[in-house]
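The values are calculated or read from the model by the stated rules, or taken from the named source; none is laboratory data. Computed from a predicted structure; not experimentally measured. All Cβ positions, even for glycine, are placed from backbone atoms using ideal geometry, and neighbour counts span all protein chains on display.
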Protein chains: 2
Amino acid sequence: MPRASQRKPGVQGCAVERTMSLIDGKWKIIVLYKLLGGTLRFNELRRLIPSVTQRMLTHQLRELEADGLIVRTVYAQVPPRVEYTLSARGRSLEPVLLAMKEWGDANLSSSEAYAA
Amino acid sequence: MPRASQRKPGVQGCAVERTMSLIDGKWKIIVLYKLLGGTLRFNELRRLIPSVTQRMLTHQLRELEADGLIVRTVYAQVPPRVEYTLSARGRSLEPVLLAMKEWGDANLSSSEAYAA
DNA sequence: CGGGATCCGTCGCGATACTG
DNA sequence: CAGTATCGCGACGGATCCCG
């Protein structure tokens, strides 16, 4: 699903599809999910999601911010400090994220269910 | 999110991520969503999702089948007839899909919310 | 009708290096 | 610490033609 957060208003159809377009991107859901636990700094996110590169993390965070799902707060300090928090809109995604987590736990437990 | 339904068991982290890997692909959620309404034939799906090409529809259907989310039934007839139905596992995704639809309806109504 | 095969463009994403 | 810049690969996805 390409071109996240670059929706052409007239094209998209159903709400499900439009919702997906905000959530896609290889790392967004995990970022959102981690942020459910509260505000996190850039490198805290990196540690929580080891396999993401900082380039992609930056990119995904920017898109999430552009979509109004997270809030980016910069503190003008000597050691830079940037915090990311879910916006009200982002927090409203919680049911979706939790539904996905529960489904994953239930249907992908360990490594079963790989046989069809 | 590349390589759908080609998960490397050791890599993926949380359940949310693994769930996403089954749902990604530009058309899967819409297909699943449409199938919530009941069994559909190939061209019925095409008509319901006009912007998908048959190549991609075929491809996505194959992946969904490989992931055990849908069931493909072929009737050996003169005019070929292939039906797609949600599997039990696929149907169990309903809460997730509905959560996404509701969120979309609530937060993306018409075209507002585009300003941050 | 329901595909499969092939060709090809695009862009998502990773690796690496540099900066205020 | 929190980025930005550049480079390149390969998956994703569209178009077109062919088949049982």
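Remarks
- Hey, residue B:113 away from DNA strand C (no atom under 16 Å from the Cβ) and either modelled with pLDDT under 95 or touching a strand residue (DSSP E or B) at 6+ places or on another chain (Cβ under 9 Å) (or both) or not: yes
- Scanning segment B:45-56 finds one or more residues that are of a type outside the set (Lys, Arg), away from every other protein chain (no Cβ under 12 Å) and exposed (fewer than 14 other Cβ atoms within 10 Å of the Cβ).
- Selection status of residue B:76, without any contact (Cβ under 8 Å) to a residue 12 or more places away in the chain, aliphatic (A, V, I, L, M) and under 20 Å from residue A:99 (Cβ atoms): no
- Among the numbered conditions (1) surrounded by fewer than 18 Cβ atoms within 10 Å (Cβ to Cβ); (2) within 21 Å of residue A:101 (Cα to Cα); (3) facing another protein chain (nearest Cβ under 10 Å), the only one that residue B:91 does not meet is (3).
- Residue A:25 meets all of the listed conditions (1) touching an Asp or Glu at 6+ places or on another chain (Cβ under 7 Å); (2) outside any loop (DSSP other than H, G, I, E, B); (3) within 24 Å of residue B:66 (Cβ to Cβ) but one, namely (2).
- Verdict on residue A:71 being exposed (fewer than 15 other Cβ atoms within 10 Å of the Cβ) and aliphatic (A, V, I, L, M): no
- Yes/no for residue B:78 being more than 9 Å from chain A (Cβ to nearest Cβ) and not in a helix (DSSP H, G or I): yes
- Hits in segment A:48-72 - residues which are in contact (Cβ under 8 Å) with a residue 24 or more places away in the chain, away from DNA strand C (no atom under 12 Å from the Cβ) and in contact with a Ser or Thr (Cβ under 7 Å, 6 or more places away or on another chain): A:66, A:67, A:69, A:70
- Restricting segment B:32-43 to residues that are in a helix (DSSP H, G or I) and under 14 Å from residue B:70 (Cβ atoms), the residue that is farthest from DNA strand D (Cβ to nearest atom): B:35
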